[in-house]
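Reviewing the structure listed below.
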Amino acid sequence: MSGEVTRWLGRLRAGDGEALGHLVPMLYDELRALAGHLLAGERAGHTLTPTALVHEAYLRLLGERRIGVDDRGDFFAVAATAMRRILVDSARRRRSAKRGGDAQRLPLEAVDSWLTDDEAEELIAIDELLGSLEAASPRARQVVELRLFVGLGHEETAALLGVHEKTVRRDWQMAHAWLRRELGRGGDRPA
Amino acid sequence: MNEARWSELEAEFSRLAEASAEERRARLAELAPDLAAELGELLALHDQPELLAIEARREREGASGPRSSFVPGGRLGPYELVEPLGEGGMGEVWLAERDEAGFRRRVAIKRIRTGLASAELLRRFQVERHALARLSHRSIARLLDGGETADGEPFVVLEYVAGQPITTACAERRLGLDARLALFEEICRAVAYAHAHLVVHRDIKPSNILLTPEGEVRLLDFGIAKLLDDAADGPEARTRTAHTLATPEYASPEQLSATGVVSTATDVHALGALLYELVAGQRAFRAHETSPVELASAILQVEPPPPSQVAPRELARALRGDLDTIVLTALRKEPERRYPSVEQLAEDVARFRSGHPIRARPETLAYRARKLVARHRLAFGLGLGAAVVLAGLAVQTVRERDTARAERDAAREVTEFLVSLFDADPYASGTQATSATPLGTFLTDSESAVRERLADRPELRARLLMMLGRLHANLGELESAGKLAAESLAERRRLFGNDHPDVAEALNILGTAQQENGELDAADRSFREALAIRERRLGADHADTAESLNNLAVLLSSRRGPGDLDEAVVIGSRALESYRRRFGNDHLDTAQALNNQAVRLFFRRAAGDLEIAASNCAEALEIRRKHLGEDHPLVATARHNLANMRLEQGDATGAVALLELSIGQWERTLGPGHPRVARGYLLRSKAFERLGDRPGALVAARKGLAISVAALPADHPQVAELKARVAELEAKPAGAGSPP
């Protein structure tokens, strides 16, 4: 697995458009398995932070090899996408379970009970807004994804994207205000 | 929204986010109405910060989670802490568990409390963990993982071993001499295995060697000491080591001296100290009743008594002779006169156990006499250890630049090559048992071997020639260093073209050699070319670029041609910015850059320079105090420099207060007779004079002169300056000075 991830990261960096399609599912499975595993214990005080999950996946998949800074950046970018999909899928399963009677209804998993209803609805809405954000500012979308779905701080986000921390802060403040405005408009928009 | 609109909005947004209400109103009035409306809406949201639900969730969990990580039941990533196991040198050690496919795996988590930036430590950890993960030996506890807590505190995760420190265990189980020696042999085999994998332990001591209930030995913390030393690598790294060694009883002379090189011989020394304690029941060097400074000087200078002289009487006979010789050979001050490898130490122990003659020879009387004379000139430690040092360098350099595969191949090649240089068995040659290759011969031999045998591997050859150049430079042999660097440079230009980081690396070494040789213009060209390459290829924030800026600034301020000082200030300020960005504002390297820049500004003294210089010094002082503690010569240096600035700024009272502290610190840390202490008194004399206290100024000047005369050659400028000062102050009667 480790070798495969590294190989695809190499191809991703070389501009291979297919690479992302291979990497995201790999990380998706890994991250979800980890999340389920961590939650299965149901011990008191148990928390599931996306940051811990991604770091854990990172160590499991690539930890035994020393990978370059480039790989690390790419890994986190891909992991952010995978993490977002996990959370959003989980939110959708939750929503459909609630509404019931849906033919597409998916079985609930351990990870699904982690989100509250409000969080689930918000995540689905944010996911839908990310497309518009991508069109407006691809970098701002990356910042939002790394911060919201991986839980990285400004500094680490800046290091991974290779930009100045100030830039990340600016992108984040503006994107955060914009997201909140769009979420507030949620009711007006066609569902 | 399209990109143009977003970036227009964002530019205004970031400008106005923190602006006052008036400023905002004024600016919004200037903008197109639809833009102003949208902007106003976003700014209003920004003013009423509110977390998204998912963020609020993280805040809550962050607060109850990792912040309180070091408590029973706390979590660090996948690990759950169970209970503290004890306090180690670098911080406490916790027993922790993690779920692993249904069973609970126990691990030991070591909290690392250092003044080091954890980012740097973690970066180092990523570099090292590959090498450390390869150590797979039943007697070596594995390093499993590493990370940092939410507070940014670094920790490492190690295989958990239940057991007792070897010395305690031997005493409690009342093990006999042969059983102890058998355990010691096992320990040696594990250390030798690590050496074969290019890992030196550096911190072997009883608390790092446990005996399990099953009677097996386990070595802990392999490579951790190096991790810490490397992370602190920088101008102050050397002094740090001597100051922060937690258990100096087991440190080797080269770890305590400023010029020492840590190698496999360092572990041989520590094993000698361990063997001493195992057979004699006492430590070779004891912290008992002595200060760390006294202990360090004992390790550097005092020969411990043979174990047979301190052991209980019933054991003394067994120890006298061969076992004394084995222990004292391992404990020799000069690394190259110890056992050349751990295997050979183990072998002699095995010979002793089986009743065969050992191979080490006791010191001769002639040698003892020679050593007495040369004691203060400790040789540069090289024996087989040099191979490991060199190979370590090679692996490191290759690692940072090449891909994983090339890395493995190159490392193996370098190792094989270096091992082949040391193929000859020193015992088979019939020469004196522990005579080692003198360093000069070693370098010459290595150089010709590199040239001959790597003729068809130009890249590797260039790399090794440069490393040899670096070793020559460390030894002060600048001509050879310059020649090797120039040759390596030419080779790399041919291989990689002119615009390559490896070319810059060679230029940098060449420039240093040129500068030391007094060829300042040539050094100027080398440093500038290296800087240009690094800026282009590595970027402004890279540590190597900062190094280049710093080198060029130092050169310019020492050359002092027309315009040099001005340019030195400009370059120095870029270097400082680069250190700030690279290491942060709270880092010893940044403090060094602040100090260097302050000195340049102090010399130039254009309008405003003194103020900036003083604030740089004050900042450097705070950083050093925080990281090094009060009693460190570098803290005193920062205070002294700041006093100098304050005096020039007209604040003589402030200068006197600072000098009060810095002189005392230097006296304690460097000794009362050190020339730097005299510099402190010289400055104090000037400050007193400024305050109108001529008698005080005279006392200080006389004191400084007495120290300088004793410590410096008669024609040293500091002696002359103090003499003139004393004469001048004596010429005028007390009280006839300038008004206060």
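The values are calculated or read from the model by the stated rules, or taken from the named source; none is laboratory data. These numbers come from a predicted model, not from an experiment. When we count neighbours, we look across all protein chains shown, and the Cβ atoms used for this are built from the backbone with ideal geometry, even at glycine.
Among the residues of the range B:6-36, write down those that are under 26 Å from residue A:131 (Cβ atoms), touching a residue at least 24 places away in the same chain (Cβ under 8 Å) and part of a helix (DSSP H, G or I).
B:8, B:9, B:12, B:13, B:35
Closer than 30 Å to residue B:282 by Cα, among the hydrophobic types (A, V, I, L, M, F, W, C), at pLDDT below 85 and within 30 Å of the chain's Cα centre (by Cα): is that true of residue B:161 in this structure?
Details: closer than 30 Å to residue B:282 by Cα: yes; among the hydrophobic types (A, V, I, L, M, F, W, C): yes; at pLDDT below 85: no; within 30 Å of the chain's Cα centre (by Cα): yes.
Answer is no for this residue.
Mind listing whichever residues of the range B:717-729 are surrounded by fewer than 21 Cβ atoms within 10 Å (Cβ to Cβ) and touching a residue at least 24 places away in the same chain (Cβ under 8 Å)?
B:718, B:721, B:726
What residue, among those in the range B:316-341 that are assigned to a helix (DSSP H, G or I) and touching a Lys or Arg at 6+ places or on another chain (Cβ under 8 Å), is surrounded by the most Cβ atoms within 10 Å (Cβ to Cβ)?
To start, the set of residues in the range B:316-341 that are assigned to a helix (DSSP H, G or I) comprises B:316-319, B:322-330, B:335-337.
Keeping just the survivors that are touching a Lys or Arg at 6+ places or on another chain (Cβ under 8 Å) gives B:325, B:329-330.
Details: B:325: 20, B:329: 24, B:330: 27.
The residue in question is B:330.
Say we look at the range B:37-55 and pick out the residues that are exposed (fewer than 14 other Cβ atoms within 10 Å of the Cβ) and either of a type outside the set (A, V, I, L, M) or outside any loop (DSSP other than H, G, I, E, B) (or both); which of these is farthest from the other protein chains (Cβ to nearest Cβ)? Steps first, please.
The initial filter retains those residues of the range B:37-55 that are exposed (fewer than 14 other Cβ atoms within 10 Å of the Cβ), namely B:37, B:44, B:47-51.
Narrowing further to those that are either of a type outside the set (A, V, I, L, M) or outside any loop (DSSP other than H, G, I, E, B) (or both): B:37, B:44, B:47-50.
Details: B:37: 12, B:44: 9, B:47: 9, B:48: 9, B:49: 8, B:50: 7 Å.
This residue is B:37.
Which is small (Gly, Ala, Ser) and at pLDDT 85 or above, of B:176, B:234, B:260, B:223?
None of the others qualify; the one that does is B:176.
Given (1) facing another protein chain (nearest Cβ under 8 Å); (2) within 19 Å of residue B:6 (Cβ to Cβ); (3) of a type outside the set (Lys, Arg), identify the lone condition not met by residue A:122.
It is condition (2) that residue A:122 fails.
Out of the range B:592-631, which residues are surrounded by fewer than 20 Cβ atoms within 10 Å (Cβ to Cβ) and either small (Gly, Ala, Ser) or outside any helix (DSSP H, G or I) (or both)?
Matches in the range B:592-631: B:605, B:606, B:607, B:608, B:615, B:618, B:629, B:630, B:631.
Quick check on residue A:170: is it crowded, with 16+ Cβ neighbours inside 10 Å, farther than 15 Å from residue B:50 by Cβ and more than 7 Å from every other protein chain (Cβ to nearest Cβ)? Break it down stepwise before answering.
On the way: crowded, with 16+ Cβ neighbours inside 10 Å: yes; farther than 15 Å from residue B:50 by Cβ: yes; more than 7 Å from every other protein chain (Cβ to nearest Cβ): no.
It is false that residue A:170 is crowded, with 16+ Cβ neighbours inside 10 Å, farther than 15 Å from residue B:50 by Cβ and more than 7 Å from every other protein chain (Cβ to nearest Cβ).
Could you count how many residues in the range B:301-315 are assigned to a helix (DSSP H, G or I) and modelled with pLDDT under 80?
Narrowing the range B:301-315 to residues assigned to a helix (DSSP H, G or I): B:301, B:307-310, B:313-315.
Among the residues that remain, those that are also modelled with pLDDT under 80 are: B:301, B:313-315.
The qualifying residues number 4.
May I ask you to verify whether residue B:673 is in a loop (DSSP other than H, G, I, E, B), at pLDDT 90 or above, surrounded by fewer than 16 Cβ atoms within 10 Å (Cβ to Cβ) and not aromatic (Phe, Trp, Tyr)? Write out each step before concluding.
Working: in a loop (DSSP other than H, G, I, E, B): yes; at pLDDT 90 or above: no; surrounded by fewer than 16 Cβ atoms within 10 Å (Cβ to Cβ): yes; not aromatic (Phe, Trp, Tyr): yes.
Criteria not met by residue B:673.
Can you tell which of B:686, B:703 is surrounded by 15 or more Cβ atoms within 10 Å (Cβ to Cβ) and farther than 22 Å from residue B:670 by Cα?
Details: B:703 fails: farther than 22 Å from residue B:670 by Cα.
On inspection, the qualifying residue turns out to be B:686.
Quick check, is residue B:98 within 11 Å of chain A (Cβ to nearest Cβ), modelled with pLDDT of 80 or more, surrounded by 17 or more Cβ atoms within 10 Å (Cβ to Cβ) and outside any loop (DSSP other than H, G, I, E, B)?
Working: within 11 Å of chain A (Cβ to nearest Cβ): yes; modelled with pLDDT of 80 or more: yes; surrounded by 17 or more Cβ atoms within 10 Å (Cβ to Cβ): yes; outside any loop (DSSP other than H, G, I, E, B): yes.
So residue B:98 passes the test.
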